[in-house]
Amino acid sequence: MKLKFLIITLMFSLTISQDRSTVFATGDGDPNPELGGYSIENIGNGILGAADRFYLSNEYILERIYVYLSFEPENMFDSQSIEVQICEDDDGKPGNVISTNIVNLNVSNPEGAWYSFLILDECLRTQPSSYYWLSVLPMEGTNAKWIYSDEESFVYSTTNNGGLNWSDSNVGAAGSAAVAGEQIYIPPFDGGDINGDFVINILDVVQLSQYVLGNIDLDNDQLQAGDITQDGGINILDIVAMINLILNDQTVYVSEFLYEDINVNTSTYGQLVGPPIYQGMITGYYFGKAGWSMCKNRFGILDDLYNELVSEGIDDVKMIGINGYQYIEDSYVCMICDPNFPCNNCDGPIILPWTQDIDEDEDGDGEVWGQWNATIRDFVIVGRNGEELARINLTYNNPDPDSTCGENYETIKNLILSFR
């Protein structure tokens with residue numbers, strides 16, 4: 001694998017727990033170099049390294065790695081470096097290397113520092129419910145310490161021959177580190193719609209039955225939709241499961257509302273917007289918090305997506321933002337990138353309608369957020385007849401095209417298009 005040689009110049013104090021995209025961390029803040037650390041040495045007495053094991057329950061694209069090391073330079077011109085790897089698990093030990101980067105240690109701060117680098121361009125996708133290893137190995141002439149974590153509940157392994165062989169895993173302090181990534185959005189299985197009309201009814205049962213009897217063929221999309229039991233094949237059990245789907249229709253229809261569009265940048269500014277206005281269209285409703293940078297980021301990305309759809313001639317898809325009642329006092333001028341106010345991170349005005357939820361019954365909760373059972377940064381896609389088609393929480397499923405190698409962005413876009 002081709003190595004990427006990186007000169008790391010950014011030295012920082014990292015509060016890991018505040019990084020929403022962190023998928024593995026050995027602690028909060030800076031570790032204590034006085035605790036010592038794992039020897040990362042290649043100075044004639046073997047090639048000593050160490051590795052931390054971590055578990056990922058979902059699929060992620062890994063984006064950034066952090067490690068905290070000290071080292072002993074012989075002089076101010078001494079150049080030392082390490083190799084940082086992400087490895088698959090091989091029966092409780094570091095196995096196949098799937099990412100590797102060379103990091104130069106900073107001679108001006110040898111007593112201990114964080115080193116960080118991006119691996120986003122590698123589009124490194126993990127498997128769900130899997131263990132991985134983060135390993136640190138020395139390059140020739142390196143004499144460093146991978147500083148211990150404060151906690152001693154981590155699984156680690158060590159090597160004395162540069163990773164050719166690893167020790168059995170042990171439990172104790174880890175080498176201080178963190179791994180950041182973004183979760184891959186996987187649309188929920190929506191089987192049963194064999195004929196593609198977005199309704200599961202007797203017509204789909206007839207078509208599935210004809211296939212089981214051998215009278216018709218189905219294409220790949222139809223075969224996937226027809227495998228209701230998700231066992232890899234289509235048989236009488238799928239017909240029974242489809243009939244149960246029809247008899248136990250769980251379609252959710254959203255409650256209606258009409259709120260004033262308070263975004264000065266839109267064509268509907270000052271007008272009432274909501275489900276009755278968008279009847280017959282596919283509509284995305286974003287539940288956000290005015291003034292919060294992550295909410296603004298997600299809303300801005302939805303605005304970009306909407307503009308992209310419009311540029312492609314899609315005129316039956318709409319999107320709208322709903323500020324939570326609990327955030328009614330927060331300024332929304334930067335949420336919409338109001339040109340009359342200076343705002344950071346605004347490349348241009350947001351043109352999606354922005355509305356304010358209200359507390360009509362004075363119970364302290366917003367009406368629409370409550371009726372729709374919304375969580376902050378939920379993006380709810382509603383069908384032409386007011387039925388909820390999908391709900392995606394954009395806190396955990398980052399839609400930024402610069403994140404997850406653009407996979408979440410494309411998945412959400414294609415999901416919207418599939419509902420048309």
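The values are calculated or read from the model by the stated rules, or taken from the named source; none is laboratory data. As the structure is a computational prediction, the values presented were derived from the model and not from experiment. Glycine gets a Cβ as well: all are built from the backbone with ideal geometry, and neighbour counts include every protein chain shown.
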Only residues in segment 379-405 that are within 19 Å of LEU417 (Cα to Cα) count as the first member; pair them with residues that are assigned to a strand (DSSP E or B) and hydroxyl-bearing (Ser, Thr, Tyr), Cβ under 6 angstrom, at least 6 apart or cross-chain, and list the lot.
PHE379/TYR286; VAL380/TYR285; VAL382/THR283; GLY386/TYR253; GLU387/TYR253
Leading residue by the ranking (nearest to the chain's Cα centre (by Cα)) among those in segment 99-108 that are surrounded by fewer than 18 Cβ atoms within 10 Å (Cβ to Cβ) and under 30 Å from ASP402 (Cβ atoms):
SER99
When you scan segment 193-202, do you find a residue that is touching a helix residue (DSSP H, G or I) at 6+ places or on another chain (Cβ under 9 Å), assigned to a loop (DSSP other than H, G, I, E, B) and modelled with pLDDT of 95 or more, even just one?
no
Residues of segment 310-322 being closer than 14 Å to LYS413 by Cα and either touching a Ser or Thr at 6+ places or on another chain (Cβ under 6 Å) or surrounded by 20 or more Cβ atoms within 10 Å (Cβ to Cβ) (or both), in sequence order, are VAL317, LYS318, MET319
Quick check: is even one residue across segment 333-341 of a type in the set (Phe, Trp, Tyr) and either buried (at least 17 other Cβ atoms within 10 Å of the Cβ) or outside the structural domain of GLY366 (by TED's automatic domain parsing) (or both)?
no
Which numbered condition ALA178 fails, given (1) modelled with pLDDT of 90 or more; (2) under 30 Å from TYR132 (Cα atoms); (3) assigned to a loop (DSSP other than H, G, I, E, B)
(3)
Among the residues of segment 363-370, is any in contact with a helix residue (DSSP H, G or I) (Cβ under 9 Å, 6 or more places away or on another chain), surrounded by fewer than 14 Cβ atoms within 10 Å (Cβ to Cβ) and free of Cβ contacts under 8 Å to residues at least 40 places away in the same chain?
yes
Check off (1) touching a strand residue (DSSP E or B) at 6+ places or on another chain (Cβ under 7 Å); (2) closer than 30 Å to TYR38 by Cβ for TYR185 and give me the number that stays unchecked.
(2)
Filtering segment 81-98 for residues that are surrounded by fewer than 18 Cβ atoms within 10 Å (Cβ to Cβ), of a type in the set (Gly, Ala, Ser) and assigned to a strand (DSSP E or B) leaves a count of 1
Cβ pairs under 7 Å, 6+ apart, first in segment 332-359 and over 14 Å from ASP261 (Cα atoms) and touching a residue at least 24 places away in the same chain (Cβ under 8 Å), second basic (Lys, Arg) and surrounded by 21 or more Cβ atoms within 10 Å (Cβ to Cβ):
CYS334/LYS296
Identify all residues within segment 234-253 that are surrounded by 11 or more Cβ atoms within 10 Å (Cβ to Cβ) and under 31 Å from the mean Cα position of the chain (by Cα); write none if there are none.
LEU245, THR251, VAL252, TYR253
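Quick check on this structure: which one of LEU134, LEU164 is in the same structural domain as GLY95 (by TED's automatic domain parsing), in contact with a strand residue (DSSP E or B) (Cβ under 9 Å, 6 or more places away or on another chain) and not in a strand (DSSP E or B)?
Step by step, each of LEU134, LEU164 is checked, and only LEU164 is in the same structural domain as GLY95 (by TED's automatic domain parsing), in contact with a strand residue (DSSP E or B) (Cβ under 9 Å, 6 or more places away or on another chain) and not in a strand (DSSP E or B).
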Pairs returned, first residue in segment 222-233 that is assigned to a helix (DSSP H, G or I), second residue that is of a type in the set (Val, Ile, Thr), beta-carbon separation under 6 angstrom, 6 or more apart or interchain, are GLN222/ILE194; ALA225/ILE194; GLY226/ILE194; GLY226/ILE234
Is it the case that segment 255-277 has a residue that's under 28 Å from the mean Cα position of the chain (by Cα), in the same structural domain as ALA390 (by TED's automatic domain parsing), part of a strand (DSSP E or B) and of a type outside the set (D, E, K, R)?
no
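Residue under question is VAL84, and the condition is that it be under 26 Å from LEU35 (Cα atoms), modelled with pLDDT of 95 or more and not aromatic (Phe, Trp, Tyr); does it hold?
So VAL84 fits the description; yes.
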Breaking point among (1) touching a Phe, Trp or Tyr at 6+ places or on another chain (Cβ under 9 Å); (2) assigned to a helix (DSSP H, G or I), for ILE358:
(2)
Can THR411 be described as in the same structural domain as ASN323 (by TED's automatic domain parsing) and surrounded by 15 or more Cβ atoms within 10 Å (Cβ to Cβ)?
yes
For segment 146-155, give me the residue count where each residue is surrounded by fewer than 23 Cβ atoms within 10 Å (Cβ to Cβ) and in contact (Cβ under 8 Å) with a residue 24 or more places away in the chain.
4
Count of residues meeting criterion [of a type in the set (Lys, Arg) and not in a strand (DSSP E or B)] in segment 20-57:
1
